[in-house]
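Enquirer: Provided herewith is a single structure, encoded as structure tokens, for subsequent inquiry.
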Amino acid sequence: MIRADLHIHTKYSFDSSINPKTLVDQLYAHEYIKAIAVTDHGSVEGCRRVSELARVYTDVLVVPGIEVGTPEGDLVVLGKAELPPKPWGIREVIDFARENGCLTVVPHPYRGYGLGSLAKKFSFDAIEVLNGCSSTQTNKLAENLARETGLPGIAGSDAHHASELWTVYTEIQASLDIDEVLRAIRKGLVKVSSTGKSICF
Ligand SMILES: [Zn+2]
């Protein structure tokens, strides 16, 4: 079993200040969170950079990803450091993910830029039920959505600044291997947890 923070932004997102080196250093130093997904807004530069820096360590894992802004709301794609071709409609992004063996995750469905209940109309792979920057109430609604759709629930800090890292995590029944992680999430072999360091609200 591994513990992963599956929603992190680096300075390659227009609204984040996290330095890739700081992120890798903190991941390496963290007591039990040993995997991350780097999900910048519309860019894969950050996850490429972070993966490169993490390569020298054997006991950490960086899952490449991206947070895509569709007209209806944000969508996270996990598994590849590649931009989906535009236009970024929900349908197109799901197709891109399928063709590339990636997962689609609905982040913070009930916050600003969230897909909300529209998520029920498409076939996504997982729902972010615990977002470190969302209120308890909003996360509860996301949990209900996961229950209703029968989709696995995952957790990510959605950190944009170093102080926001490592607030929540996903326990995944997998080893530190990208394919195993994606497979385990798809199968629902996941459980979300909070570190108690949650600071956003
Ligand atoms: Zn985000």
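Enquirer: Per residue, how large is the accessible surface of the chain? Use a 1.4 angstrom probe and give square angstrom.
Expert: Computed with neighbouring chains in place, this is 44 Å² per residue.
Enquirer: Give the long-range amide H neighbours of residue 73: residues separated by 5 or more places, or on another chain, with amide H under 5 Å away, using H modelled in the peptide plane at 1.01 Å from N.
Expert: The answer is none.
Enquirer: Is the shape of the chain best called rounded, prolate or oblate, per the rule: a/c under 1.5 gives rounded, else a/b larger than b/c gives prolate, else oblate, with a ≥ b ≥ c the square roots of the Cα gyration tensor eigenvalues?
Expert: Note, shape of the chain comes out rounded.
Enquirer: Counting only the backbone N, which residues of the range 46-60 are under 15 Å from the spot 7 Å out from the Cα of residue 100 toward its beta-carbon?
Expert: 46-49
Enquirer: If you don't mind, there's one more thing I want to ask. Of all beta bridges DSSP finds with both residues in the range 16-107, what is the antiparallel percent, to the nearest 5?
Expert: DSSP beta bridges in the range 16-107 are roughly 55 percent antiparallel.
Enquirer: Give the relative contact order (percent, whole number) for the chain; include only Cα pairs under 8 Å separated by 6+ residues.
Expert: 21
Enquirer: Determine the shape class of the range 1-48: with a ≥ b ≥ c the square roots of the Cα gyration tensor eigenvalues, call it rounded for a/c under 1.5, and otherwise prolate if a/b is greater than b/c, oblate otherwise.
Expert: Judged from the Cα gyration tensor, the range 1-48 comes out prolate (a/c at least 1.5, a/b above b/c).
Enquirer: Once phi is turned into ³J(HN,Hα) by the Karplus curve 6.51 cos²θ - 1.76 cosθ + 1.60 with θ = phi - 60°, what whole-Hz value does each residue of the range 121-128 show in order, with x for glycine and proline?
Expert: Per-residue couplings from phi come out as 7, 10, 9, 8, 9, 7, 10, 7 Hz.
Enquirer: While we're on this one: Can you return the lysines within cross-link range of residue 191? Criterion is Cα-Cα under 19 Å, with same-chain partners fewer than 8 residues away left out.
Expert: 34, 140
Enquirer: Please list, or write none, the aspartates and glutamates whose alpha carbon is within less than 15 Å of the alpha carbon of residue 120, excluding same-chain residues fewer than 8 places away.
Expert: Straight-line reach from residue 120, under 15 Å: 72, 74, 128, 143, 148.
Enquirer: Still on this structure, I have one more. Non-local amide H neighbours of residue 128 (under 5 Å, H modeled in plane, Pro and chain starts lacking H): which ones?
Expert: 106, 108, 154
Enquirer: In bins 10 Å wide, starting from 0, what share of all Cα pairs of the range 85-201 does each bin hold, as a percent?
Expert: With a bin width of 10 Å, the distribution comes to 14, 43, 37, 6.
Enquirer: Follow-up. Looking at the range 67-196, what % of its DSSP beta bridges pair antiparallel, to the nearest 5?
Expert: Antiparallel bridges make up about 65 percent of those DSSP assigns within the range 67-196.
Enquirer: Roughly how many percent of the accessible protein surface of the range 36-129 is carbon and sulfur, given a 1.4 Å probe and a whole-percent answer?
Expert: Roughly 50 percent, rounded to a whole number.
Enquirer: Take the chain, connect every pair of alpha-carbon atoms lying under 10 Å apart with a spring to form a Gaussian network, then pick out the residue of 120, 80, 34 with the largest mean-square fluctuation.
Expert: Highest fluctuation of the listed residues: 120.
Enquirer: Of all beta bridges DSSP finds with both residues in the range 128-194, what is the antiparallel percent, to the nearest 5?
Expert: 60
Enquirer: Please list, ordered by chain and number, the residues whose modelled amide H lies under 5 Å from the amide H of residue 159; skip anything fewer than 5 residues away on the same chain.
Expert: 9
The values are calculated or read from the model by the stated rules, or taken from the named source; none is laboratory data. Keep in mind that what you see is a predicted model, and the values were worked out from it rather than measured. Virtual Cβ from ideal backbone geometry, glycine too; neighbours counted across all protein chains shown. Side chains are part of the model used for accessible areas, which takes the heavy atoms of the whole protein and leaves out ligands, DNA and RNA. Shrake-Rupley method; radii C 1.70, N 1.55, O 1.52, S 1.80 Å.
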